[in-house]
Amino acid sequence: MTAPRTPLPGTKLPAVGTTIFTVMSALAAEKNAVNLGQGFPDFGCDPKLLDDVTAAMAAGHNQYPPMPGIPALRNAIAGKLEAMYGRHYDPATEITVTAGATQAIITAILAIVRPGDEVIVLEPCYDSYVPNIDLAGGTVVRVPLVPGSFRPDFDRIAAAITPKTRAILVNTPHNPSATVWTAAEMRQLEELLAPTDIFVIADEVYEHMVYDGAQHESVARFPGLAARSFIVSSFGKTYHVTGWKVGYVAAPAPLMAEFRKVHQFNVFTVNTPMQHALAAYMADPAPYLQLPAFYQRKRDLFAAGLAKTRFKLLRSEGSYFQCVDISAVSELGEADFCQWLTTEIGVAAIPLSAFYGDGFDQRVVRFCFAKKDETLQTALDRLARL
């Protein structure tokens, strides 16, 4: 008897394979290396937040919540956005709680991008952007940030805009380069887009990790951008609970109406007790207001140790990443160097080339410093050999 045949589905994502993050994390585990590759903390959250989850479960908040999120959490998000960025979002029609920022991004893209539409991405970029656009049937238009400084090149952005341009993705503080857009750059984007109907998807998940006295320039601060933008943020990044996968989107009501049409048939809604816990926890703004100082201390600790090596440190203005130029350390390309570093030195990093569609190699790798001090010190002790 002939065995049943499984039909071949083909693929909507022919360029997607095993990600560099999976590869490097597996290698780090195999070699017992300190994993500074993937961007998540190795320390716990505030115990009060866990107590708030337990209290929510005990209070019976264990069934489906409203599709856009519980009112208390949407109200808390609206209050925070207005206090920090001076723009009011209506909790009823302009804020939706999502299953993390990655779901928020693909939902925004699916809501507005149609086959044939062009979407500008600024490289290097987070690895979900391009597959999301592909799944929506859009055409990816890659515009590189300025190599070395990773500032936006507005001449190249302007040159990339065509009558088919539907949206642009903007990420600040930026993963992987750790740069932060300035108010002047935001105003330049605002001016560039003013005569167009181009939407902005603003990935602001590291909004509370900006250093040296600078402030996060959310698109919410700029009326001409806010009117056309989906703002994406992440409770996982802010409160050290990346595994909870809870985030949110804020957008003008006409945009949010389309977003919710996709959201309700994508995930429908988000973990109920976590929402109640986050709403209660947000009553105190101190945890996110103190986050810049918390991470700046870790950045400075890590940078001081790296300064004793032959790495050339690039400026880390925001996020919890530190990029370094490896030119004085090795003649290897970025990917091969990260393999060598993990295997021979016992510290895992991520090559920036992984964030470019063409694998552009500028001899720069990325470390994550969202780790316990002892984890960072162990990594620095090993890196001291360099």
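Contact map, segment 153-172: first residue assigned to a helix (DSSP H, G or I), second residue β-branched (Val, Ile, Thr), Cβ cut-off under 8 Å, separation 6 or more or different chains; pairs are ARG156/VAL143; ILE157/ILE120; ILE157/VAL143; ILE157/ILE168; ALA160/ILE120; ALA160/VAL141; ALA160/VAL143.
Among ARG156, ARG74, ARG114, which is the only one that is touching a Lys or Arg at 6+ places or on another chain (Cβ under 8 Å) and either of a type in the set (D, E, K, R) or more than 25 Å from ALA15 (Cα to Cα) (or both)? Criteria check complete, one pass: ARG114.
Among the residues of segment 250-274, those that are in a helix (DSSP H, G or I) and in contact with a Ser or Thr (Cβ under 9 Å, 6 or more places away or on another chain) comprise ALA253, LEU255, MET256, ALA257, PHE259, ARG260, VAL262, HIS263, ASN266, PRO273.
Residues in segment 368-382 that are out of contact with any strand residue (DSSP E or B) (no Cβ under 6 Å at 6 or more places or on another chain), of a type in the set (A, V, I, L, M) and in a helix (DSSP H, G or I): LEU376, LEU380.
Scan segment 50-70 for residues that are within 25 Å of the chain's Cα centre (by Cα) and either in the same structural domain as SER234 (by TED's automatic domain parsing) or under 18 Å from MET256 (Cα atoms) (or both) and report the count. Count: 4. Within segment 25-48, the set of residues being in contact with a helix residue (DSSP H, G or I) (Cβ under 9 Å, 6 or more places away or on another chain) and either part of a loop (DSSP other than H, G, I, E, B) or modelled with pLDDT under 90 (or both) comprises ALA33, LEU36, GLY37, GLN38, GLY39, PHE40, PRO41, ASP42, PHE43, GLY44, CYS45, ASP46. Look at LYS12 and say whether it is out of contact with any Ser or Thr (no Cβ under 6 Å at 6 or more places or on another chain), surrounded by 11 or more Cβ atoms within 10 Å (Cβ to Cβ) and among the basic types (Lys, Arg). Considered against the rule, which asks whether it is out of contact with any Ser or Thr (no Cβ under 6 Å at 6 or more places or on another chain), surrounded by 11 or more Cβ atoms within 10 Å (Cβ to Cβ) and among the basic types (Lys, Arg), LYS12 comes out as no.
Does ILE70 qualify as being touching a helix residue (DSSP H, G or I) at 6+ places or on another chain (Cβ under 8 Å), aliphatic (A, V, I, L, M) and over 22 Å from SER229 (Cβ atoms)? Walk me through how you get there before you give the answer.
Values: touching a helix residue (DSSP H, G or I) at 6+ places or on another chain (Cβ under 8 Å): yes; aliphatic (A, V, I, L, M): yes; over 22 Å from SER229 (Cβ atoms): yes.
For ILE70, the condition - touching a helix residue (DSSP H, G or I) at 6+ places or on another chain (Cβ under 8 Å), aliphatic (A, V, I, L, M) and over 22 Å from SER229 (Cβ atoms) - is met.
Scanning segment 236-279 for residues that are hydroxyl-bearing (Ser, Thr, Tyr) and surrounded by fewer than 24 Cβ atoms within 10 Å (Cβ to Cβ) yields THR238, TYR239, THR242, THR269, THR272. Can you find, within segment 334-359, the residue that is farthest from ASN175 (Cα to Cα) among those that are exposed (fewer than 15 other Cβ atoms within 10 Å of the Cβ) and of a type outside the set (Val, Ile, Thr)? In this case the residue turns out to be GLU344. Of the residues in segment 349-370, at least one is in contact with a Leu (Cβ under 8 Å, 6 or more places away or on another chain), more than 15 Å from ALA28 (Cβ to Cβ) and among the polar types (S, T, N, Q).
State all residues of segment 207-235 that are among the aromatic types (Phe, Trp, Tyr) and over 23 Å from ASP90 (Cα atoms); if no residue qualifies, say none. If you could, list the steps in order and put the result at the bottom.
Just the residues of segment 207-235 that are among the aromatic types (Phe, Trp, Tyr), to begin with: 211, 222, 230, 235.
The one that is among the aromatic types (Phe, Trp, Tyr) and over 23 Å from ASP90 (Cα atoms): TYR211.
The values are calculated or read from the model by the stated rules, or taken from the named source; none is laboratory data. In this text the structure is predicted, and so the values were computed from the model without any measurement. Backbone-built Cβ (ideal geometry, glycine too); neighbour counts: all protein chains shown.
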